[in-house]
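Contents: one structure, followed by commentary.
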Amino acid sequence: MERKTKIHAEDGRQEITITREFELPLDLLFRAYTDAAIVEQWMGNKVLQLDNKALGAYRFETTDPKGNVVLRSRGTIHSFEPNHRITRTFEMENTPFEAQLEFLEFAALTESTSLLTMHVIYRSVAQRDQMLQLPFAQGINMAHNRLEQIVLTVQSTNHE
Amino acid sequence: MELRRDVFQAIADPTRRAILTLLAFQAMTPTAIAENFGSTRQTISKHIQILSACELLQPQQNGREIHYTLNAKNMKAIADFIEPFRVLWEERFNKLEDVMKQYIPKK
């Protein structure tokens, strides 16, 4: 299967470009970024604030199944051009990562397909590389947690 | 490198990731590895075969027993790589597409 989402990340640079083609008309793709209830559905978080305008701001909150807050993120919207472009910052609160600058560009390919280009600029090459490796590190952590659970289960079974 | 795609298929599986985590601490025989999981010895052997084929594991013959260790060099290559980051966005965007395909505009 062809990979729809592409990441362009050159060695030694503090930026990346993420591109994705959607089987959606441009206005629906853009709406997915601007309607708070829809953002919540696909991002899987709570939208505390989302002012879609130049000099607006947004705040998201991610909770675990018990309702504990695991991550808060926020940013300011620098420019907002419907069905064309959003320029904003993004920052995860209480993490070592500093704010990043995001240029989101929305374009129609056909009447029923569209393209999103996300150009992200980080404070440093090191921060970019850390951010890129975060999901891999989390995958290993998840595997490790699962392993701990398995070991605990095995131990308790042995004690029975 | 043609190998890479297979490598990421290999680590996409949670059991195989757990095996790699186990082997990060010590060299182990297939039997010892299997003891950590609820699956059969055969299932674990299959996982070990896949990981070995991707050169993430190295076998060491000790008399009659084979111990497996991590191939540190190839593990490092994965850690530097960004496939899990891409997959994270791919899943997020797939969700977006699914949500919007069901979207009915408000009048």
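Structure notes:
- Peptide B:10-22, shielding by other chains (average Cβ, 10 Å cutoff): 4
- Applying a DSSP loop filter and a limit of 15 other Cβ atoms within 10 Å to the trypsin sites (Lys or Arg not before Pro) in the stretch A:1-63 leaves A:R3, A:K4, A:R13, A:K53.
- Angle between chain B longest axis and helix B:41-53 axis [Cα atoms, degrees, rounded to 10]: 80
- Sum of -39500 (n - 2.57) over DSSP H runs of 4+, divided by residues of chain B (222 nm, nearest 500): -18500 deg cm²/dmol
- Candidates B:I48, B:I33, B:I66, ranked by Gaussian network fluctuation over chain B, Cα under 10 Å, top entry: B:I66
- Phi to ³J(HN,Hα) by Karplus 6.51 cos²θ - 1.76 cosθ + 1.60 over the stretch A:111-122, Hz, x for Gly, Pro: 5, 10, 10, 8, 10, 10, 10, 10, 9, 10, 10, 9
- Cα→Cβ-extended label distance, 7 Å offset, between A:R13 and B:Q26, nm: 4.7
- Pairs over the 31 Å Cα-Cα cut-off, from the set A:K66/B:K46; A:K6/A:K66; A:K46/B:K101; A:K66/B:K95; A:K46/B:K73: A:K66/B:K46; A:K6/A:K66; A:K46/B:K73.
Computed from the coordinates by the stated procedures, all read-outs in this text should not be read as laboratory data. For clarity, every value in this text was computed on a predicted model and none was experimentally measured. Cβ: placed from backbone, ideal geometry, glycine included. Neighbour counts: every protein chain shown.
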